[in-house]
1. In the chain, how does Rg compare with the Kirkwood Rh, expressed as the Rg/Rh ratio over alpha carbon atoms?
2. Nearest 20 debye, what's the magnitude of the dipole of the chain about its Cα centre given +1 on Lys and Arg Cβ and -1 on Asp and Glu Cβ?
3. Run the helix sum for the chain: -39,500 (n - 2.57) per DSSP H stretch of 4+ residues, divided by residue count, reported at 222 nm to the nearest 500 deg cm²/dmol.
4. List the relative contact order of the chain as a percent without decimals, with contacts defined as Cα pairs under 8 Å and 6+ residues apart.
5. Check the straight Cα-Cα distances from LYS110 and name the lysines below 19 Å, setting aside those fewer than 8 residues away within the same chain.
Amino acid sequence: MARDWQGWHPSAKLLVKSAVYNCMGLIFGSRRVQIDIDELPQILSEDVWRPIGEAELQVGDLVMYVREGKARHVAFYIRTDLVGSTIQRFVWSKCGEFGEYLHLITDVPKQYGQPDHFFRLERPCR
């Protein structure tokens, strides 16, 4: 699948090969564990990630991919490029048991769905 993903999505650039963690482990587990995607609502609530609009995306924000009404994948928002008059948004994510990729926000395997929700971590002052 990893080789196919790069073939089907030319924007995808392999960064790291690893089967140790999944997309949730990349974002919330310091690349050390696999975390079930069903834990996402609790993590977002407890860690105080607030919803934002896609137009508000900044480096480090969370992109949630949804298919059939269910979260299927998460990624870090990395950058925006302007190519002519076209805005290209890039994310850093983990493709299942395969590697980490830098890719266009919409260039994911079909089973992951589409980028549908966006979040920013709140950092309360103490």
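1. Numbers: Rg = 14.2 Å, Rh = 14.9 Å.
Rg/Rh: 0.95.
2. Numbers: 16 positive and 16 negative charges, 67 e Å.
That gives the chain a dipole magnitude of about 320 debye.
3. Working: 3 runs with 20 residues, N = 126.
Counting only the DSSP helices, I get -4000 deg cm²/dmol.
4. Numbers: 247 pairs, mean separation 41.5, N = 126.
Reported relative contact order: 33 percent.
5. Partners within reach: LYS13, LYS70, LYS94.
No value in this document is a laboratory result; all are computed from the given coordinates. None of these values were measured; they are calculated from a predicted model. Every residue, glycine as well, gets a Cβ built from its backbone with ideal geometry; the counts of neighbours run over all protein chains shown.
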